[in-house]
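Just below is one structure, and these are the notes that go with it.
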Amino acid sequence: MRQFKIRNKVYNWLNLNQNITISCLLCRADTTADQPLCRLCLKTLPMPENTCYRCGLPMQASFTQTCANCLKKPPVFDRCISAFSYDFPVNFLIQKIKHQRQIVYLPPLVKQLSKVLIHSYDDESWPEAVIPVPLHNKRLRYRGFDQSLLLTRQLLQSLPDTTSITMDTQLIRRRKHTDSQQGLTATKRKGNLKGAFTAKQSTAFRHVALVDDVVTTGATVSEITLLLKKQGVETVDVWCLARTPVS
């Protein structure tokens, strides 16, 4: 009886959220509390089209799934999937989340990423585990929350139960506090991250996904991928809210 009452309260709360009118976070038009970005704004968000299977960057129309750069020199990770291109207003929303703690902007972005992932793995095997890109304790204290961890938790709640994916926050640790990657060249980004992460000696996982808010040059996820593959992981996918149009 008690469980029935709890379920009933949750059901009523969800229904209430669907009927409460709020202002869209971008255009201020009327929308509902369960959809903080109106349908029009969601449709106009920059979404990647015709992207490379490996690096996730836009490429010209082709009969292959892989861009010319990846055919010549593929990245160390096996696949990159993003929900959006890192252009306005997505970049504005993500900056609000990271630097102003406006977590309310996160759910609609996560919802779109979950849709993209479900479509992407329609005929393929899901990873056994997801790993949020770890944040150093010093930056965590400054920021007040771990955006990749929060993103991963919300994302797993949005994916079908049949995926049976677990979240692992212990396999990869960030042992060195590094300068912000923003504004650095690809070469400097790579050097900035050298030795920043450490991994457990071994793992039973053979297919994992790294989760981050934005992938720019791919330096961070590449550094972690190298560690994972040394520990026996065979396939490393990258999931992100947004991918920069140019690496």
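The values are calculated or read from the model by the stated rules, or taken from the named source; none is laboratory data. Not measured: the values here are computed from a predicted model. Positions of Cβ are generated from backbone atoms using ideal geometry, with glycine treated the same way; all protein chains shown enter the neighbour counts.
One table, with the values for the structure above:
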quantity: Residue within the range 118-125 that is farther than 23 Å from PHE205 by Cα and among the polar types (S, T, N, Q) present; calculated: no
quantity: Inter-residue pairs, beta-carbon under 7 Å, first closer than 23 Å to GLN112 by Cβ and in the range 157-175, second β-branched (Val, Ile, Thr) and in a loop (DSSP other than H, G, I, E, B), 6+ apart; calculated: LEU159/ILE165
quantity: Selected residue (only one of LEU149, LEU109 is under 11 Å from the mean Cα position of the chain (by Cα), in contact (Cβ under 8 Å) with a residue 12 or more places away in the chain, assigned by TED's automatic domain parsing to the domain that holds ASN50 and surrounded by fewer than 21 Cβ atoms within 10 Å (Cβ to Cβ)); calculated: LEU149
quantity: Qualifying helices (runs of 4 or more DSSP H) (wholly inside the range 82-181; at least 1 residues being of a type in the set (Val, Ile, Thr) and within 22 Å of TYR53 (Cβ to Cβ)); calculated: 90-100, 106-120
quantity: Residue check for VAL233: in the same structural domain as GLU49 (by TED's automatic domain parsing), in contact (Cβ under 8 Å) with a residue 12 or more places away in the chain and not in a loop (DSSP other than H, G, I, E, B); calculated: no
quantity: Unmet criterion (only one of (1) out of contact with any strand residue (DSSP E or B) (no Cβ under 6 Å at 6 or more places or on another chain); (2) over 19 Å from PRO245 (Cβ atoms); (3) surrounded by 11 or more Cβ atoms within 10 Å (Cβ to Cβ); (4) modelled with pLDDT under 90) for SER62; calculated: (2)
quantity: One residue from CYS55, CYS70 being touching a residue at least 40 places away in the same chain (Cβ under 8 Å), in the same structural domain as LEU109 (by TED's automatic domain parsing) and either outside any loop (DSSP other than H, G, I, E, B) or crowded, with 18+ Cβ neighbours inside 10 Å (or both); calculated: CYS55
quantity: Boolean, ASP123 is at pLDDT 90 or above, among the acidic types (Asp, Glu) and either out of contact with any helix residue (DSSP H, G or I) (no Cβ under 9 Å at 6 or more places or on another chain) or outside the structural domain of VAL238 (by TED's automatic domain parsing) (or both); calculated: no
quantity: Residues satisfying the stated conditions in the range 78-120, i.e. touching a Gly at 6+ places or on another chain (Cβ under 7 Å) and either of a type in the set (Phe, Trp, Tyr) or modelled with pLDDT under 95 (or both); calculated: ARG101
quantity: Residue check, THR32 surrounded by 11 or more Cβ atoms within 10 Å (Cβ to Cβ), more than 21 Å from ASP237 (Cα to Cα) and at pLDDT below 90; calculated: yes
